[in-house]
Amino acid sequence: MSLRLGDIAPDFEQDSSTGRIRFHEWLGHSWGVLFSHPADFTPVCTTELGLTSKLAGEFGKRNVKTIALSVDSVASHAEWIMDINETQAANVGFPILADGDRKVSELYDMIHPNASETFTVRSLFVIDPQKKVRLTITYPASTGRNFDEVLRVIDSLQLTDHYQVATPGNWKQGDDVVIVPSLKDEEVIRRKFPKGYNALRPYLRMTPQPDK
């Protein structure tokens, strides 16, 4: 059964390139990004893992841990990481799960038979500190992930968790946000949004990002 937004991300214990991982314990109180790859030594995934390594500082600022998955072995991962580091000028330090028994792939519904009966599709999950799934994206094998979008969504989730706002289309850090329609008390609105707001419609009230 596929995971839906708000579901608790399944816990598991599995070997990885950095040792045995007990997933919920490993996450601790952090956010997490779990993303899968069809196999080691695949070109698009090599670029993605290199990019993830280079974005370690950005993920760290957001209290996000990253963890990849491939169905190949720990020994294969070790060789692949050397290739990634060399070809992408990277330094992969995050774990790559060795999911040879497909345990994690099946828990997270990463095997799509109409795409491949053996290889995982390229899924990505954002998981919050309460272990809830907050975002799912599944890409075709031919298309590399947009990690700027992953970071943008995490920024939106973290902002909207703390303020009664939503983020409009193409929003990025520093842009105006939308006051949620359920908030109607003008005194409460003035207190929560002292910078004011622009009511384009009664249901569409734009306000400066409240934590800036």
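Points to keep in mind about this one:
- Look at the stretch 161-182: where a residue is closer than 19 Å to Asp128 by Cβ and a partner is part of a loop (DSSP other than H, G, I, E, B) and small (Gly, Ala, Ser), sitting 6+ places away or on another chain with Cβ atoms under 8 Å, you get Gln164/Ser182.
- Sub-8 Å Cβ pairs linking a first residue in the stretch 184-195 that is without any contact (Cβ under 8 Å) to a residue 40 or more places away in the chain and among the β-branched types (Val, Ile, Thr) to a second residue that is part of a loop (DSSP other than H, G, I, E, B) and surrounded by 11 or more Cβ atoms within 10 Å (Cβ to Cβ), at least 6 apart or interchain, are Ile189/Leu183; Ile189/Tyr197, ordered by first then second residue.
- Selection count, the stretch 41-78, where residues are surrounded by fewer than 20 Cβ atoms within 10 Å (Cβ to Cβ) and aromatic (Phe, Trp, Tyr): 1
- Residue match in the stretch 171-185 (condition: of a type outside the set (Val, Ile, Thr) and within 30 Å of Asp109 (Cβ to Cβ)): yes
- When residues in the stretch 20-56 are screened for being touching a Lys or Arg at 6+ places or on another chain (Cβ under 9 Å) and farther than 16 Å from Leu124 by Cβ, 4 of them pass.
- So Ser76, is it touching a Gly at 6+ places or on another chain (Cβ under 9 Å), modelled with pLDDT of 90 or more, part of a helix (DSSP H, G or I) and among the hydroxyl-bearing types (Ser, Thr, Tyr): no
- Members of the stretch 146-198 found to be charged (D, E, K, R) and more than 24 Å from the chain's Cα centre (by Cα), listed by number: Lys184, Asp185, Glu186, Glu187, Arg190, Arg191, Lys192, Lys195
Every residue, every condition in (1) part of a helix (DSSP H, G or I); (2) within 20 Å of Arg134 (Cβ to Cβ); (3) in contact (Cβ under 8 Å) with a residue 60 or more places away in the chain, yes or no:
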{"residue": "Glu25", "(1), (2), (3)": "yes, yes, no"}
{"residue": "Asp40", "(1), (2), (3)": "no, no, no"}
{"residue": "Thr47", "(1), (2), (3)": "yes, no, yes"}
{"residue": "Glu58", "(1), (2), (3)": "yes, yes, yes"}
{"residue": "Asp83", "(1), (2), (3)": "yes, no, no"}
{"residue": "Glu86", "(1), (2), (3)": "yes, no, no"}
{"residue": "Phe94", "(1), (2), (3)": "no, yes, yes"}
{"residue": "Asp101", "(1), (2), (3)": "no, no, no"}
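The values are calculated or read from the model by the stated rules, or taken from the named source; none is laboratory data. What you see is a predicted model, and the numbers here were worked out from it, not measured in a lab. We place every Cβ from the backbone using ideal geometry, glycine too, and count neighbours over all the protein chains shown.
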